[in-house]
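Rule-based calculations on the coordinates, nothing more; no lab input. In this text, all values refer to a predicted model and were calculated from it rather than measured experimentally. As a convention, Cβ positions derive from the backbone with ideal geometry for all residues, glycine included, and neighbour counts pool all protein chains shown.
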Amino acid sequence: MERLLAAGRGLFSVQAAADAGIDRGRLARLLRSGLLVRLAHGTYASLEAYEAMPPWPAFAMRSRAFTAACGPPAHAAGWSAVAIHELPTIGPPPDLPSVAVPQGAAASGDFAFGQVRSVLLPADHRIEVDGCPVVSVARAVIDVGRTAPRDQALVLADAAIALRTGRDELRAVLADMYGWPGSAEARWAVDHADPYCESALETLGRLTFIEHGLPVPVSNPWIDLGAVRYRADHLLDDRWLVFEGDGDLKYNDRPDAAHIIRQQREREWRLREEGFEIVRYGWDMARYQRAKLSDRFRQVIADRSPRVRPYPWYRERGVYRRARSSPG
């Protein structure tokens, strides 16, 4: 059984079991005893391993199982594709996986283990991830962006472009899906995506500025202080304002948490000494209270008059170089 599970990356089919000499009767006994769990028609996993998974990896496994059970025309789509591609999410997964099949290959329908949708599915929207047929990152982002809340859609678009999917590829998928319901919302996310945002928290922080008509800061620029240089989550260079998202992952369960905090304090001391103001925000406000967070941002911005010279900042992509300099 362990070999079957290892070969299928945690899953195996009835046919694979039969090929290994395990008949349906034994599978039924293993299922009743709590050693196996059925994740789709004819597809099984270890119950212990499945129940130990966090929600999104467990959903990805259910999605892989349902895709396999639906046969060759099916490709994991929507949130299932998001999970299999391991794109960032900011909410719980849906109850059921979903697959897309090319029009004419099968009928749409809702089933016990998932949903099947017969849709336009061009060949260049289809790939494989570890043997599982799945729609491309670009197709997944656009598909979800049509119906998801704006914050999740932007988180996905930021991540896709950061992974070098490319804004042009996202726009090509939009063109293929022209006129589909919600395509305007998906286009908004593509147009506002920023590949320099490095986490969902940073995306939500930047979204706060966008949603509430505030000047939108630069994401993750380098600030050179001479002897040292630091990277800010967000920078309003004309007001010398740095905005930092405080994510628990910086500290949780890390043996070097105290060292990280000391470095952070030293960093802030040097930035303030240079003349910067640092504003911090956390997950709860960026996720659930952006109107209140925007009021705080607005007040800080109003209290800082624009400087004669914006602070010069840099980008880095392999070579340290100036991407924008202060005006002459």
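Suppose R0 equals 30 Å; then what is the FRET efficiency for residue 18 and residue 52 from their Cβ-Cβ distance, rounded to the nearest 0.05? Before the final figure, lay out the partial values.
On the way: r = 27 Å, r/R0 = 0.91.
Here the calculated transfer efficiency is 0.65.
Give a quick list of trypsin sites (Lys or Arg not before Pro) in segment 5-49 that DSSP marks as loop, anything other than H, G, I, E or B, with at most 15 other Cβ atoms within 10 Å. List each step's numbers first, then the result.
On the way: sites: 9, 24, 26, 29, 32, 38; in loops: 9.
Of the trypsin sites (Lys or Arg not before Pro), the ones in loops of segment 5-49 whose Cβ has at most 15 other Cβ atoms within 10 Å are 9.
What is the helix-to-structure angle for 150-162, meaning the angle in degrees between its Cα long axis and the longest Cα principal axis of the chain, kept from 0 to 90 and rounded to the nearest 10?
90
Taking the number of other C-beta atoms within 10 Å as the exposure measure, put 61, 1 in order starting with the fewest.
Details: 61 24, 1 16.
Lowest to highest Cβ neighbour count: 1, 61.
Counting only other residues whose beta carbon sits under 12 Å from that of residue 215, what net charge do I get with K and R as +1, D and E as -1?
On the way: positive: 206, 239, 298, 304; negative: 237, 238.
Residues near residue 215 contribute +2 overall.
Once Rg and Dmax of the Cα atoms in Å is worked out from the coordinates, which option in (i) 23.8, 80; (ii) 20.8, 63; (iii) 19.9, 58 does it equal?
Of the labelled values, this structure produces (i).
On a 0 to 90 degree scale, rounded to 10, what angle separates helix 200-211 from the longest Cα axis of the chain?
60
What order, most packed first, do the peptides 225-231, 236-242 have when packing is the mean number of other Cβ atoms within 10 Å of each residue? Present the calculation step by step, with values, prior to reporting the outcome.
Numbers: 225-231: 12.0, 236-242: 21.6.
Order by mean packing, descending: 236-242, 225-231.
Can you give the relative contact order of the chain as a percent, counting alpha carbon pairs under 8 Å and 6+ residues apart?
Numbers: 509 pairs, mean separation 32.1, N = 328.
For the chain, the relative contact order is 10 percent.
Rounded to the nearest 500, what is the chain's calculated 222 nm mean residue ellipticity when only DSSP H runs of at least 4 contribute -39500 (n - 2.57) each, over all residues? Provide the component values of the computation, followed by the final result.
Working: 14 runs with 140 residues, N = 328.
Roughly -12500 deg cm²/dmol at 222 nm, from the helical runs in the chain.
In what sequence, highest mean first, do 286-293, 209-216, 183-190 appear when ranked by Cβ atoms within 10 angstrom? Before the final figure, lay out the partial values.
Numbers: 286-293: 16.4, 209-216: 14.8, 183-190: 18.9.
The most tightly packed comes first, giving 183-190, 286-293, 209-216.
Could you tell me the center-to-center distance, by alpha carbons, between segment 174-240 and segment 1-80 in angstrom?
Here the answer is 39 Å between Cα centres.
In degrees from 0 to 90, rounded to the nearest 10, what is the angle of the helix 290-302 Cα long axis to the longest principal axis of the chain?
20
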